[in-house]
Amino acid sequence: MNAMAPILVIGIGNPGRGDDALGPLLIEALQDAQLPGVELLTDFQLQVEFALDLQGRRQVIFADASVAAPAPFTFSATVAERDASYSSHALSPGAVLHACRQIFGEPPPAWTLAIRGYRFGLGQTLSPHAAANLAAARAWLVPYLSGEGGPLSGVDHSGNGG
């Protein structure tokens, strides 16, 4: 059995809803980068079962589309918290961290990469602005994941991504 990668990146979103595909598309772009020590997962939404995937990690990044983030993206620390999504079929990143804490103890340090999206209608394609924001997010994230950009920390990166 392979050893667990110390870094986990989870891309969240629905590829059939326009810019909501940004999380899964980032995961595809990161797969092409073949980053050692990084495991990549994707799903339409976060479920409580993702708490199992956090166990034993050094750090976790949740990547998702956002209608509220400034372009091109924000990168901010995520804390464990019980929120309104806790009893829903889809959880927030903070609720997944909270579930991890309840089951296993303190969760790993985590961040949310919120990539600015613009259109989320069923059957829509990725908008040109969202595609540009995705490229900027990938260009910023790959050096960090490969160790070239320095260690990831709890520092807030917003607006221009760093």
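All of the numbers you see were taken from the coordinates with simple rules; none came from a lab. All values derive from a computational prediction rather than experimental measurement.
Pairwise Cα distances in the stretch 8-145 exceed 20 Å for 43 percent of all pairs. Of the DSSP H helices in the chain, those that are both long (alpha-carbon extent of 20 Å or more along the helix axis) and hydrophobic (Kyte-Doolittle mean at least -1.0) are 128-145.
Rounded to the nearest 5, the antiparallel percentage of DSSP beta bridges internal to the stretch 8-145 is 30%.
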